[in-house]
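K.L.:
Just passing along the structure, written as structure tokens.
Taken together, the values in this text are just the output of simple stated rules run on the coordinates, not laboratory data. A quick note: this is a predicted structure, and the numbers were derived from the prediction, not measured.
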Amino acid sequence: MLTRRSFIRGLLGSVLAGLFASLWAFFIEPALRLRVKKWRIQSSKWKIDALRIAIVSDLHMGEPYVGLKRLRTLVRRTNALGADIIVILGDLTAGHQFVTKPIEVERTAKELAALKAPLGIFAVLGNHDWWDDPSAQKRRKGPVLGQRALEQNNIPVLENQAIKLEHAKGAFWLAGLGDQLAFRLGNGRFQGVDDLPATLAQAVDDAPVILLAHDPIFSLRCRRRWP
């Protein structure tokens, strides 16, 4: 016979089971596995065959999920891919509540300096790189701590900047966009530091452009320049 107590006990068990499943899916399980995903992109406008790009993004460094040991493993795995160029797409800092031990961004940048690729290592910033720097938030401008740390370790940060790179099969532009949610204004409002027109204007010839941005929605605004 189903009693009120057994019903409540069963309901509580279901809720706890669901909560555990959610915690496992979103926090524990991703921290246990390190997977490499590969995409092959083809376009009639892209004349450079077999350019290999490795992407590292949203590390959100902090124990117990992403500590320095795990980061070193990620760096080794990334180097083993043999990419022509490696790009870091922001959010080096944790920026969430479930951190038992924060990792200083200077330590993170020092580990990332071990990344190796013939055409170089480049980065853009994410919203947490801005939000987790109170000084930058107060003065409403950069550079943020993450940018300084990366550049001190010889990793250029492309902040609304485009540079031309030479590949064996042809040249291309690598453009990096400033973050679109850099400053918290309150009441769910944000102010970005992105300048898409000025960034793309730096690509002064017909070589293809690869645009780096933390928020991928900006790809919809610049398809005509994409390979």
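K.L.:
Looking at the stretch 43-225 from every direction and averaging, what is the projected area of its Cα convex hull in nm²?
P.N.:
10.9
K.L.:
Is there a pair in K37/K164; K101/K141; K38/K116; K69/K110; K110/K169; K116/K164 whose C-alpha atoms are over 23 Å apart, and which pairs would that be?
P.N.:
From K37/K164; K101/K141; K38/K116; K69/K110; K110/K169; K116/K164, over 23 Å: K37/K164; K101/K141; K110/K169.
K.L.:
Averaging over every viewing direction, what projected area does the convex hull of the Cα atoms of the stretch 108-193 cover, in nm²?
P.N.:
6.2
K.L.:
Something else now. Can you tell me how the stretch 153-224 classifies by the Cα gyration tensor, rounded, prolate or oblate, using a/c under 1.5 as the rounded cut?
P.N.:
Here the stretch 153-224 falls in the prolate category.
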